[in-house]
Amino acid sequence: MEETNELKNIEFKKDCALLTINPQIFPLEVIYSAAYILIDKAFIVLDGNPKEQILVEIRKKEETQELKKIVQEFYEELLNYSVYKKQTDNNAGIKEIIMKRALLTNDPHYMKLKQMSRNADDPEGIKKRWEENEKDTA
């Protein structure tokens, strides 16, 4: 029962499927994620050179499972995690800015600098409301 797909990157044997994955298309962390999702359904073995070619062996855990279906799920997860990784990479700068802002807001040194910058804009306290001036003199 040996057969291959049109792209010649999947070889189906009697009890397993051998996949050849291009790491330029699917990075190793994406492959790990896809393999992890299917860990309950299949035995997955990774090998190869992560810079050139990654080899994946998929064996079904139960006799009633369809190997082709598991391989299709694996490729769907590769695409899923590739999109997720791309979006995460695109949003990394925004997340960093939000985290810095959130952490700075609670930093006492930042608050002191902010107060000092307000005082620098109005060193004589002219912009203060009348009630605030009364509190300072009392």
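The values are calculated or read from the model by the stated rules, or taken from the named source; none is laboratory data. Note that the coordinates shown come from a computational prediction; the quantities given were computed from them, not determined experimentally. When we count neighbours, we look across all protein chains shown, and the Cβ atoms used for this are built from the backbone with ideal geometry, even at glycine.
List of remarks:
- Any hit, segment 57-65, residues being farther than 16 Å from T20 by Cα, of a type in the set (S, T, Y) and within 17 Å of the chain's Cα centre (by Cα): no
- Note on segment 4-46: residues that are surrounded by fewer than 15 Cβ atoms within 10 Å (Cβ to Cβ) and more than 25 Å from E62 (Cα to Cα) amount to 8.
- Count - residues of segment 64-74 that are closer than 19 Å to L28 by Cα and surrounded by fewer than 16 Cβ atoms within 10 Å (Cβ to Cβ): 1
- The set of residues from segment 71-111 being acidic (D, E), part of a helix (DSSP H, G or I) and at pLDDT below 90 comprises D89, E96.
- Scan of segment 27-55 for residues that are part of a loop (DSSP other than H, G, I, E, B) and within 15 Å of E73 (Cα to Cα), ordered by number: L38, I39, D40, K41
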